[in-house]
1. R0 = 45 Å: FRET efficiency of A:Asp171 with A:Glu65, Cβ-based, nearest 0.05?
2. Of A:Lys20/A:Lys110; A:Lys12/A:Lys231; A:Lys42/A:Lys113, which ones are farther than 30 Å apart at the Cα?
3. About the Cα centre of the protein assembly as shown, what is the dipole size in debye to 20, counting +1 per Lys and Arg Cβ and -1 per Asp and Glu Cβ, all else neutral?
4. Test of the criteria: in the stretch B:85-121, which trypsin sites (Lys or Arg not before Pro) are in a DSSP loop and have at most 16 other Cβ atoms within 10 angstrom of their Cβ?
5. When N counts the residues of the stretch A:84-157, how does its alpha-carbon radius of gyration compare numerically with 2.2 N^0.38 Å, as a ratio?
6. If the protein assembly as shown were replaced by its equivalent ellipsoid, with semi-axes equal to the square roots of 5 times the Cα gyration tensor eigenvalues, what would those be, largest first, whole Å?
7. Of the listed peptides B:97-108, B:160-171, A:3-14, what is their order by residue-averaged count of other C-beta atoms within 10 Å, with the highest listed first?
8. Going toward the positive end of the dipole of the stretch B:8-218, with +1 on Lys and Arg Cβ and -1 on Asp and Glu Cβ, which of B:Leu99, B:Val160, B:Phe55 do you reach last?
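Every number in this text was worked out from the coordinates using simple rules, so none of it is lab data. Treat the numbers as computed from the prediction; the structure is a model and nothing was measured. Here the Cβ positions follow ideal geometry from the backbone for every residue, glycine too, while neighbour counts run over all protein chains shown.
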Amino acid sequence: MAHLAVSDVRAKYGSLEVLKGISFSIEKGEIAALVGPSGSGKSTVLRALMGLTPITEGSVEIASERMNYSSAKEVRAARDRMAIVFQAYNLFQNMTVMQNLTLAPLKIKKWPKAEVEAEARRLLGLVGLSDKADAYSDQLSGGQQQRVALARGLALKPQILLLDEVTSALDPELVGEVLDAIGKLAAEGMTMVIVSHEMGFVREVADKVVFMDAGQIVESGAPAEIFDAPKTDRARDFFSKVLRH
Amino acid sequence: MNYRFQFGVVWDNFHELLEGAWLTFQLGVFAFAGGALIGLFCAAVKTYAPRPFRFIVDAYVVFITNTPALIQIYFLYFGLPEVGLRWSNEACLLIGLTLNAGAYLTLILRAGFISARITEIEAGQTLGMSLLQQVRYIIVPHIAKAVYPALANFFIVVLVMGTSVGALIGVDELTGQAINLSSVNYRWLEYFTVVAGMYVVLTFIASIGLALLGQWAFRVKARIF
Ligand SMILES: Nc1ncnc2c1ncn2[C@@H]1O[C@H](COP(=O)(O)OP(=O)(O)O)[C@@H](O)[C@H]1O
Ligand SMILES: [Mg+2]
């Protein structure tokens, strides 16, 4: 059974349908990459999974459990199982790095303080920021802030991590450090759905590439299939543009 | 110009001025705190509530900010007994000042609500925060930080200009005390010189306290003057 199964999901912004029946699935420990032109609906897929954009039709299953997004309690159930990291990091600016990581485990989950802090330190070590526990976000570079956001997402021990263009807002020289951190998570067996324009990185870590255009999946498959032998003109066209540089 | 200052009589009654200063300080703090609660509520209504509620808040703010505080307090002081409500002078002053501060603080806090970042709120939601937790951990700290300097300035306005209106309805705050005492022995110049100094000390203490509080709570750089 698939760990995450998305079946025929549709979503709207107002009257504009931006997801027109999205289906894909991944096994535990796998990584799916959503790729495609800007505006194709990649972010909306992740937002819909997190209950930020309402799903109008279709179903989402995690570990064979159906996620319904019809009440606050059910939305919370989905948010218990997944964490999202945004392009713009969205750290809590009035809090230190440590407080960003520990707020939700302490105040929402009410997990024991010593355990939460130990785990937070482990995660900061994992993303290479052990010395920044007491810094505020405006004292960090973009790459550092994004690594804090990754660690914050992991602090609630999600089963699935969703990453939305987490390197797109970064200066080129900072992209590598964030990709390194994600690579480590991949090596630890984290199940992830990532939206990325870093095709080299996607080819390296993804088990499955899902190519989207205009709210639909045009084709999907293993990275080698999709990148080297796309079956559709649209995919061929897109990859010929993005892979050239 | 051969006026001879005689401060002796002022020092003899200095403890009464100190009592006045203490009352001024209390009035300032309570009116500001109450006004902040009203302002927080009204700013939230203006940001999130449907039109009729926003209209009520707008009417309140427009009415208060376009009429003198003295008139508002006279309204309570002379008007309420007409409808059978008898409040003490202090209560009229405190409630009038609170309602007055509430309207100005609505405007100040509203700016903070607008600046609260939707992205941080979404991050909070996806971490599983309830609406109340979002308000407590994200929105309020954010607003407080964004508008803290304006809040601190406004506290001084309430403390000095607001409370001294009390003298006109017989409240013995600092200005009122000075008027009472100097009308006994006609040492107006001496009393008001000393009282002006006391206001300066009072606002200086308040400014330093607020600056330190801001730095400690919100990392707002301390700038006292
Ligand atoms: N908040 C919104 N309100 C209305 N339309 C939106 C909103 N966010 C995104 N859209 C539209 O939905 C479509 C898909 O957007 P998005 O999922 O962000 O695409 P991608 O992440 O692939 O660039 C686009 O046409 C975009 O303009
Ligand atoms: Mg996007």
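1. According to the calculation, E is roughly 0.65.
2. Going by Cα-Cα distance, A:Lys20/A:Lys110; A:Lys42/A:Lys113 fall outside the 30 Å limit.
3. 400 debye
4. Numbers: sites: B:Arg86, B:Arg110, B:Arg117; in loops: B:Arg86, B:Arg117.
Passing sites in the stretch B:85-121 are B:Arg86, B:Arg117.
5. 0.97
6. On the way: eigenvalues 745, 117, 63 Å².
Working from the Cα gyration tensor, I get semi-axes of 61, 24, 18 Å.
7. So the order, starting with the most tightly packed, is B:97-108, B:160-171, A:3-14.
8. Of the listed residues, the answer is B:Phe55.
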